[in-house]
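As structure tokens, the structure follows; a few thoughts come after it.
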Amino acid sequence: MRALRALVWLAAGLVGGQPLPVRAAMPIEVSVPSLDRRGDVPIDLPGFWYRTEAPAAGGRAPAIVLLHGCGGPYDRPGALSKRMHEYAALVNALGMHALVTDSLTPRGERELCTQRVGDRAITQTHRRRDALGALQWLAAQPGVDATRIGLMGWSHGGSAVLATLQRGHSETEASTVRPAFGVAFYPGCADPLRRRWQASAPLLMLLGGADDWTPAAPCEALARQAEGPPVQVETYAGAYHGFDGTAPVRLRRDVPNGAHPGQGVHVGGDAAARAASHERLRAYLRERLARP
């Protein structure tokens with residue numbers, strides 16, 4: 001393992017009167033065994049391990065797995081995206097460890113966004129197994145509270161959060177470590193809604209009201225039908241897919257999926273929704289931290 005050589009500086013902003021972390025911690029490159037296998041051998045996922053420097057009671061701190069979307073975790077080959085650095089910094093500042101994993105590269109893929117859903121070789125089954133493997137890896141690390149490890153994902157990774165939190169699923173039930181909570185930014189909820197999905201742990205979904213890639217309405221309906229652990233939803237009016245980023249909104253005609261297949265999807269940041277979602281995320285994670 002080796003430390004990444006460069007620190008990534010992020011744009012500063014104010015959220016709820018508090019500045020966003022302006023510098024991501026220096027992650028350590030690690031290898032994380034998935035529960036998915038190639039033959040008899042587990043698939044090893046490239047991982048990036050961000051340890052919090054905040055003191056933890058008893059020497060152990062909660063942790064969270066950051067699950068990338070259909071574009072993967074990189075801005076360019078081998079360089080983690082600004083989003084991953086930013087959220088790792090946010091999580092670390094709250095006193096939680098963070099682990100980023102890469103589900104695409106070990107399977108020979110660079111992105112899934114331009115592939116039709118039915119044609120993708122990497123499915124939510126693969127993402128679930130990757131998430132469960134990451135949970136087990138984290139639970140074995142010194143300084144991690146194995147009873148408080150959660151998942152956070154974006155888009156395809158947000159759907160992976162739902163897949164891993166699915167109550168009663170045999171793979172999750174058989175896992176030695178299960179997610180204690182989940183956060184999903186603009187996941188795809190149409191399929192879970194049809195399957196009458198139920199949560200095995202508390203979940204927060206952060207959605208864009210104008211999202212035409214993974215619309216908010218099925219996720220809102222999913223929360224209404226939820227029984228058991230609470231499923232909370234925040235929908236930001238007028239916000240598109242990727243609202244928590246800073247890039248301007250653009251139409252991606254290369255995406256064949258979405259609410260209107262063949263017409264493309266809108267993707268881009270919304271300053272108000274970005275600030276509000278960061279504030280809501282912090283509050284939610286503090287709730288998790290406050291629980292024994």
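Miscellaneous remarks
- Take every DSSP beta bridge whose two residues both sit in the chain; close to 45 percent of them are antiparallel.
- Global size of the range 14-290: 17.3, 54 Å for Rg and Dmax (C-alpha atoms, Rg to one decimal, Dmax whole).
- Cα-Cα pairs of the range 129-243 separated by more than 19 Å (percent): 42 percent
- Cα-only radius of gyration and Dmax that characterise the range 203-258, units Å: 12.8, 40
- Remark: spin-label model distance Glu29-Glu53 equals 2.3 nm, labels positioned 7 Å along the Cα→Cβ axis.
- Amide H to amide H, with H built 1.01 Å from N, Leu45 comes under 5 Å of Val32, Ser34, counting only residues 5 or more places away or on other chains.
- Filtered trypsin sites (Lys or Arg not before Pro), the range 212-259: DSSP coil and at most 12 other beta carbons within 10 Å: Arg253
- Long-range amide H partners of Gly182 with built H, under 5 Å: Leu151, Leu203, Leu204
- Global geometry of the range 68-208, whether rounded, prolate or oblate, following the gyration tensor of its Cα atoms and the 1.5 cut on a/c: rounded
- Each of Ile64, Ile43, Ile28 was scored by other Cβ atoms within 10 Å of its Cβ. Listed from fewest to most, they are Ile28, Ile43, Ile64.
- For the range 183-285, the spread of Cα positions along each principal axis, largest first, Å: 39, 31, 17
- Helix-only [θ]222 nm of the chain, DSSP H runs n ≥ 4, -39500 (n - 2.57) each, per residue, nearest 500: -8000 deg cm²/dmol
Read-outs: derived from the displayed coordinates by stated rules, not from any lab. Keep in mind that what you see is a predicted model, and the values were worked out from it rather than measured. Here Cβ is always computed from backbone atoms with ideal geometry, including for glycine, and neighbour counts include all displayed protein chains.
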